[in-house]
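The values are calculated or read from the model by the stated rules, or taken from the named source; none is laboratory data. Model, not experiment: these values are computed from the prediction. Cβ placement follows ideal geometry from the backbone for every residue including glycine, while neighbour counts extend to all protein chains displayed.
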Amino acid sequence: MFQIGDYVVKPATGVCRVENILHLDLSKADKNRLYYLLIPSDHAGEKIYVPVDSSAIKIRKAMTKEEAEALIRKIPQIEETWIRNDKEREQQYKTVIRSGEPESLIGMIKSLYLRKKRRLESGKKNTTIDEHYYRQAENQLYAELGIALGKNQEDVFGLIAEACRA
């Protein structure tokens, strides 16, 4: 069970802070069931209630500083994955975003970055879909790394770029 003040990752939402653990006083809510009150780090005004005992929603503890540093060191070894079929590729993007798994996000970011670079070099624009998922993956990953490392997303981007050059 998470504690009040813990940072957690809720797939597709990203990093959230556990604001409270409470029983909901709503007509349709089970009065005996405990819920986490989560506040997304990038939408401070938003509130998300998740049952503590939910097996359907896979919340995980956010990375520690040590885990974040190890992940950044591992970036050069993380393989990018590429799917030729546009529809299958978009489905894969959605799956990765929903999983919120840092290594998968990095593989996706690397793939999308290389695709964008190749398209620009051949005089083509990046696709709207690729750009959308690239930003979403970046925001989700950089928010978690930023919390773990105590850095803003711009600084995290610099660390990632440096690791990619290594």
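Observations, loosely collected:
- Any chance THR95 is more than 17 Å from the chain's Cα centre (by Cα) and of a type in the set (Val, Ile, Thr): no
- If only residues of the stretch 148-166 that are among the hydrophobic types (A, V, I, L, M, F, W, C) and modelled with pLDDT under 95 are counted, the one that is farthest from PRO11 (Cα to Cα) is ALA166.
- Pairs where the first residue, in the stretch 117-133, is surrounded by 10 or more Cβ atoms within 10 Å (Cβ to Cβ) and the second is assigned to a loop (DSSP other than H, G, I, E, B), C-beta under 6 Å, 6+ apart: ARG119/ASN126
- Neighbours by Cβ (under 7 Å, 6+ apart or cross-chain): first from the stretch 25-51, not assigned by TED's automatic domain parsing to the domain that holds LEU141; second surrounded by fewer than 11 Cβ atoms within 10 Å (Cβ to Cβ) and among the hydrophobic types (A, V, I, L, M, F, W, C): none
- Among the residues of the stretch 96-144, those identified as small (Gly, Ala, Ser) and touching a Gly at 6+ places or on another chain (Cβ under 9 Å) are GLY100, ALA143.
- Subset tally (residues that are aliphatic (A, V, I, L, M), in contact (Cβ under 8 Å) with a residue 24 or more places away in the chain and surrounded by fewer than 15 Cβ atoms within 10 Å (Cβ to Cβ)) for the stretch 66-114: 1
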